[in-house]
1. Filtering segment A:201-221 down to residues that are more than 12 Å from chain B (Cβ to nearest Cβ) and of a type outside the set (Gly, Ala, Ser), which residue is farthest from A:Val232 (Cα to Cα)?
2. Out of (1) modelled with pLDDT under 90; (2) surrounded by fewer than 24 Cβ atoms within 10 Å (Cβ to Cβ); (3) away from chain B (no Cβ under 14 Å), the odd one out for A:Val180 is which?
3. For residues that are under 23 Å from the mean Cα position of the chain (by Cα) and on the phi > 0 side of the Ramachandran plot, tally how many sit in segment B:72-121.
4. Free of Cβ contacts under 8 Å to residues at least 12 places away in the same chain, assigned to a loop (DSSP other than H, G, I, E, B) and of a type outside the set (Ser, Thr, Tyr): is that true of B:Gly148 in this structure?
5. Hey, which of the strands (runs of 3 or more DSSP E) in segment A:9-123, taking only ones fully inside, have at least 3 residues that are in contact (Cβ under 8 Å) with a residue 40 or more places away in the chain and more than 14 Å from chain B (Cβ to nearest Cβ)?
6. Every residue in segment B:216-258 that is polar (S, T, N, Q) and over 36 Å from the mean Cα position of the chain (by Cα), please.
Amino acid sequence: MENKLSGSPTSLVDQFVIPGDEGLDLSTMSNQTIKLGSSLRQDGDVLSVMKAGTFKFSKPNKYWVESSQKRYEPHAGDSVLGIVVDSKADNFLVDIKGPALAFLPVLAFEGGTRRNIPKFEAGTLIYVRVVKANPGMNPELSCTDASGKAAEFGQLKDGFMFESSTGLSRMLLSSPTCPVLDALGKKLSFEIAVGLNGRVWVNATSPSTVIVVANGIMNSEFKSEVQQRGMVEKLLQNLKLSSQSFSYTYMIPTSTFIGCLLLTNFLQLTNMKQTSLMFSLQLDN
Amino acid sequence: METRLANIWRLTVNEKKFIETALQSDLRIDGRRPFDFRNISIKFSREEGSAEVQLGQTHVMAFVTAQLTQPYKDRPNEGTLSMFTEFSPMADPSFEPGRPSEAAVELGRVIDRGLRESRAVDTESLCVLSGKSVWAVRVDLHILDNGGNLVDAANIAALAALLTFRRPECSLGGEDGQQVIVHPPEVREPLPLIIHHLPIAVTFAFFSNESTVVIDPTHYEEAVMGGRMTATLNANNDICAIQKAGGEGVLQSVIMQCLRIAGQKAYDITTKIKNAVESYNTERALRKIKRHPSSVALDISGAGVNIGKSQNKPVPQKGDSERSNLTSEKSMADQSMDIEGEAKSSEQQQTNKIDGDAKNFIGGPSSWDPYSAGVNSDFLKASLASRGKTLPSRKEQDSRGENMSGEAKPVEPPEDINVSLSNIEASETVLRTNGEKTLKDAVKPKNKRKMKSSPTSER
């Protein structure tokens, strides 16, 4: 990886960059095709950075800048958590934290016909997939995956939803499991759905568990692995888990996109990579 | 229009249900118990009269300014206190710039009522010229981040800002005594406002389940709650104001319980505010004192004039006994420690006297004005004579702070002022050239002078 960038004095891969930095000197790579991801722009011979973030590279030839912000920019293929605002004849109007409300066609459900249109009232939380996201237009959503199956999309009942930044969502969805989820999952049993738009939904049998998980996740974005685990330990101590009941542990990482099994946890990475993992985190005490 | 729709913060049915379910088991979503306040942090800026308060995620800033205006016709002897609130759009997507919304007006009104009706701020002391000229104090509240419970946070910010605000001192002058002269802060120390007590606002949120009450609601809880009540009390458990605008009906017993709890919280918050203000004040005073060694030249003349004045005062107590004590207390360090028991020689008595004067000058508002009072050349010489020896000790004593102010004043043997002029002038010039000196530097000249002065003391 570094050898390719021998032309530039310091390789900026995995470094923090700010707008105006030159990511790569393209004159040294004239016979290669590289793919540029978000926040990178070609200015003649120079690859300049448009947003502050971490400069990332993945083989064979993809470069992008990963930044974290509270705003969400809709992108086709993302799985997000939306809140239904209104329902029209043909669409539900859904807020996905983007610049415009998104449309969810009433038929975009598995086995959806005019007869069994789901009744979503205002304020319903749904897990949806972004189908189309063109600039200037309202994004389009769907509650099915690309092949038409339900795949865990749809309404999320009970639980608690909180908003944070897109960087946190990506961290929660990364593989291997991020430390905070790992540490929490070892001791607590909960369900979690992470939207790439910065929204996270947590559900568990007892409210105290939900609160501990939610607070742990909210505070973990800028912590290192050790700090995350330490924080989770403290939270769990406060919770006094000595009397928690036993449940089964299942971990099924897959590299293909599958419909759900037991509890839900959809993971999707950034727009450069598309893999999804399924996760159930449960207790062992 | 649609963009605005997209940007509003929305509440889902899941959250509403969850918050209420959790409250049944006395759990709040940020892990607090129902009657816990969030962490309060109070910060001040270099400007006097501005405070920034963080209550969890809620950020509020308060600024206090004052202007001379005409009083109201029906209250010619009282100054005025007015409150302006600004809900900045960066605090919440639903805040819009321009005219204050209903919530903004209500917030300003609740805080204003707490301060005005309870007469916490003494408005009569703000009167300069009855019927013509009074101070109008204006408090500007800026909401920077809405994390819930803006009223309480804004109230604390307003109180902290009012406590640290200093208004310029003004006096009546002119030919007919009717002109108001406002003295700039460099000339005369500005005065604090007189605040009798601190009314603290405590907000309660009621939920649809009748007996569920929480204190200090967060943003989420405010969206879900059925009603709210703000009680403003002071640390003595006097109720200054209560505000319950609409919302669910609440049992009388619940209200009484809330008031009891509010009393305890008000006491806690009052101590927090007072501690923060005190540490800010000491820090500010220290800053002022450190400035003085660089302005020694001015002080010399000032102290000199004071010495002249004090010569006319009866020579107090410590006469010859102090001289004998000199031999036992030689080191500067000892002197600095105990200004009263120390330095009982001719020079050192002068030291103390001048230090006392200087300290009086530094410490607080003084009635003596170095710029307006003329400097008598005789007194100046006299002061220089005594001053030269005393400057080093004075400097270190300055840095000690106010604890020595005033104590040295009585120690004044007038007859020793005109001692060894030459010695003193020499040492004085030395001192003048060395701007900031440390304790050690100060010690050396003193020792030298001791050798010289011993023959003089034996005179």
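1. A:Glu221
2. In the conditions (1) modelled with pLDDT under 90; (2) surrounded by fewer than 24 Cβ atoms within 10 Å (Cβ to Cβ); (3) away from chain B (no Cβ under 14 Å), A:Val180 misses (2) alone.
3. So the answer is 1.
4. So B:Gly148 does not fit the description; no.
5. Filter on segment A:9-123 gives A:53-58, A:62-66.
6. Passing the criteria: B:Gln252, B:Ser253.
Residues checked against (1) within 11 Å of chain B (Cβ to nearest Cβ); (2) modelled with pLDDT of 85 or more:
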{"residue": "A:Glu191", "(1), (2)": "no, yes"}
{"residue": "A:Arg199", "(1), (2)": "yes, yes"}
{"residue": "A:Gly230", "(1), (2)": "no, yes"}
{"residue": "A:Glu233", "(1), (2)": "no, yes"}
{"residue": "A:Thr249", "(1), (2)": "no, no"}
{"residue": "A:Ile258", "(1), (2)": "no, no"}
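Residue-wise test of (1) over 19 Å from the mean Cα position of the chain (by Cα); (2) surrounded by 22 or more Cβ atoms within 10 Å (Cβ to Cβ); (3) not aromatic (Phe, Trp, Tyr).
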| position | (1), (2), (3) |
| --- | --- |
| B:Leu141 | no, yes, yes |
| B:Ala158 | no, yes, yes |
| B:Glu169 | no, no, yes |
| B:Asp176 | yes, no, yes |
| B:Ile181 | yes, no, yes |
| B:Val187 | no, no, yes |
| B:Leu193 | no, yes, yes |
| B:Ala201 | yes, yes, yes |
| B:Val214 | yes, yes, yes |
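The values are calculated or read from the model by the stated rules, or taken from the named source; none is laboratory data. This is a predicted model, so every value here is computed, not measured. Neighbour counts are summed over all protein chains in view; Cβ atoms, including those assigned to glycine, are modelled from backbone coordinates with ideal geometry.
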